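Here's the structure, in structure tokens; my notes come after.
The values are calculated or read from the model by the stated rules, or taken from the named source; none is laboratory data. Everything numeric here is computed off the predicted structure, so don't read it as measured data. So basically every Cβ, Gly included, is an ideal-geometry build from the backbone, and we count neighbours across all protein chains shown.
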């Protein structure tokens, strides 16, 4: 099935979770995306899309849901980035060390504005900046898109982003 910029195989939520477990256990180069209904990359607007991208094999699985599969998404993120990825201590921004994208995510969360993010690996099919690590922010109801780029995996920033994202999603 051809969609905006990438091909995928439709799968169930259980199949996506099983694939993530297989990829993690087998040492594959893989990652995931959670796309909201209005996401620029969502091949099926109006639904939530969970993507599992295996860069080792080129396989992309997509599961479409009527609501965010929070538990499955948290489990998959922890398989890819470690169990503590969603429990990050806050970065002290008093010294100006917090990236602008994190400050904006905090502001949107405080205001109750729905937002989501993308962590794009250097070889991610969605990444417009091939070769760089890229975190983007999309704020619901706006055309605002912020980017944070890094030469190496920005794990400390990602931990903050994931903690903020799942805190927002568990309140819904």
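Every condition in (1) exposed (fewer than 14 other Cβ atoms within 10 Å of the Cβ); (2) in contact with a helix residue (DSSP H, G or I) (Cβ under 7 Å, 6 or more places away or on another chain) is met by residue 141 except one, and the failing one is (2). Checking 162, 138 one by one, the residue that is closer than 15 Å to residue 33 by Cα, within 12 Å of the chain's Cα centre (by Cα), in contact (Cβ under 8 Å) with a residue 40 or more places away in the chain and not in a helix (DSSP H, G or I) is 138 and no other. Given the criteria modelled with pLDDT of 95 or more and crowded, with 17+ Cβ neighbours inside 10 Å, does residue 64 qualify? Spelling it out, residue 64 is indeed modelled with pLDDT of 95 or more and crowded, with 17+ Cβ neighbours inside 10 Å. Residue count for region 91-111, restricted to those that are loosely packed, with under 12 Cβ neighbours inside 10 Å and modelled with pLDDT under 90: 5. Here residue 5 passes the criteria (1) under 13 Å from the mean Cα position of the chain (by Cα); (2) modelled with pLDDT under 90 except the one numbered (1). Scanning region 5-25 for residues that are within 11 Å of residue 72 (Cα to Cα), surrounded by 19 or more Cβ atoms within 10 Å (Cβ to Cβ) and free of Cβ contacts under 8 Å to residues at least 60 places away in the same chain yields a single hit, 17.
In region 120-135, the qualifying residues are those that are surrounded by 16 or more Cβ atoms within 10 Å (Cβ to Cβ) and free of Cβ contacts under 8 Å to residues at least 12 places away in the same chain, and the one that is nearest to residue 105 (Cα to Cα) is 127. The residues of region 42-59 that are buried (at least 20 other Cβ atoms within 10 Å of the Cβ) and over 14 Å from the mean Cα position of the chain (by Cα) amount to a single one, 43.
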